[in-house]
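Derivation of every value follows stated rules applied to the coordinates shown; laboratory data play no part. Being a predicted model, the structure only gives us computed values, none of them experimental. Positions of Cβ are backbone-derived with ideal geometry, glycine not excepted, and every protein chain shown enters the neighbour counts.
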Amino acid sequence: MIVRIATEGQFHLPDEDAARLNELDNQTVEAVEAGDEDRFAQLFEEMLELVRRDGTALGDDELEESDVILPPPDTTLEEAAHDFTGEGLIPD
Amino acid sequence: MAGMGGRMSVVIKSKINKLLDKAEDPSETIEYSYQKQMELLQNVKKGIADVVTSKKRLQMQQSKLQQQVVKLDTQARQALSQNREDLARTALERKQFAQTELQSLDQQVAELETQQAQLIDKEQKLRSKLEQFRTKKEVIKAQYSAAEAQVKISEAATGVGEEMADVGLAMQRAQDKTENMRARAGAMEELEAAGAFDDSLALGSGGDDIDRQLHELTSQSAVDDDLAKMKAELGQGSGPAPGELEPGAPESAPSEERPA
């Protein structure tokens, strides 16, 4: 699985991590909806750490589309609230 | 909400995809938008230059504030040695305020440094990926049938397109940040011009508007601590004053009228 951390880079991540990543993703969105800044920061950081720790960075010669893209590491709760809840949700 | 499945990453992916040019054949976009690629790389370079400019401006403010802190500290000592605790307090309040501003500036400069390094890194990565794409395309064309080659080139092009979109996003964020900082830096310069960090601690300027604001802004307890420390150093603690001034104290220091 290829994961991009937006504005940072792409990583090969073992498929076993997909479920955990998904779980963290959903919990993060819940924290955003609850407006819980500390929990958001903690969960989001955990997500980024998972990718950085378990993942290996893609080389410059690997021209691959990402399966998953995470928001930029410096995303604030305010931005996340705008993007991931209510009106900010981009319909697919 | 159960069943939504990785909502955040889904949303951010559509956001990135929105930044990508939607073309029937992504390889065409990459191939024929050479001008666009150069524009993007040029923009990143400009973005880096902007970040550096903002950083320099903040660093200038930093050194000005550092000078102010030293100056205000000296002024507080002078005022105290002349038994003008009111003036010493005002100077220390200003010093506290300047120190708080300094801390925030340190943080902003560090942030800009990270941003600068990140943009330089992204620019290089994008250049390298574009180069790789050109090479790879020729290899694929030579190795596969036309139909297969088209699919493979499209895939590679999508990867490069995503990288371009990501660089665009990084740029956008860097610009937003530097704009914010510029606005704050501008506000600080205005404050400075208004006299908040005025050089001279003019005698008798006790109760103007700025001082009132400073009273609100600064931490009184920190000022009290500073004041107590300074008094102790100057031998003006709550205990009996030794009536002796530090060497180098201003000649104009009032003679101590205490009984010997």
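Computed quantities for the displayed model
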quantity: Net lengthening on full extension, B:A228/B:D86 (0.36 nm per residue, minus Cα-Cα); calculated: 49.8 nm
quantity: Average partner coverage of B:160-166, which counts Cβ from other chains inside 10 Å; calculated: 5
quantity: Gain in span if fully extended, B:Q66 to B:R134, counting 0.36 nm per residue against the direct Cα distance; calculated: 19.3 nm
quantity: Net charge over other residues, Cβ less than 14 angstrom from the Cβ of B:D225 (K, R count +1; D, E count -1); calculated: -1
quantity: Within chain A, percent of DSSP bridges classed antiparallel, to nearest 5; calculated: 65
quantity: Theoretical FRET efficiency, 1/(1+(r/R0)^6), r = Cβ-Cβ of B:A117 and A:E33, R0 41 Å, to 0.05; calculated: 0.75
quantity: Residue-by-residue Karplus 3J(HN,Hα) for region A:2-9, coefficients 6.51, -1.76, 1.60, Hz, glycine and proline x; calculated: 10, 10, 10, 9, 3, 6, 10, x
quantity: Semi-axis lengths (Å, descending) of the ellipsoid that matches the C-alpha gyration tensor of chain A; calculated: 24, 14, 12
quantity: Approximate spin-label separation B:A187-B:Q59, in nm, with each point projected 7 Å along Cα-to-Cβ; calculated: 2.5
quantity: Volume per residue that the Cα convex hull of region B:75-188 spans, once the total is divided by residue count, Å³; calculated: 87
quantity: Estimated distance in nm for a label pair at B:E148 and A:H82, the labels positioned 7 Å out from Cα along Cα-to-Cβ; calculated: 4.8
quantity: Formal net charge of residues neighbouring A:A6 (Cβ-Cβ distance under 12 Å; K, R +1; D, E -1); calculated: -2
quantity: Relative packing of B:142-151, A:57-66, B:83-92, which averages over residues the other C-beta atoms within 10 Å, highest first; calculated: B:83-92, A:57-66, B:142-151
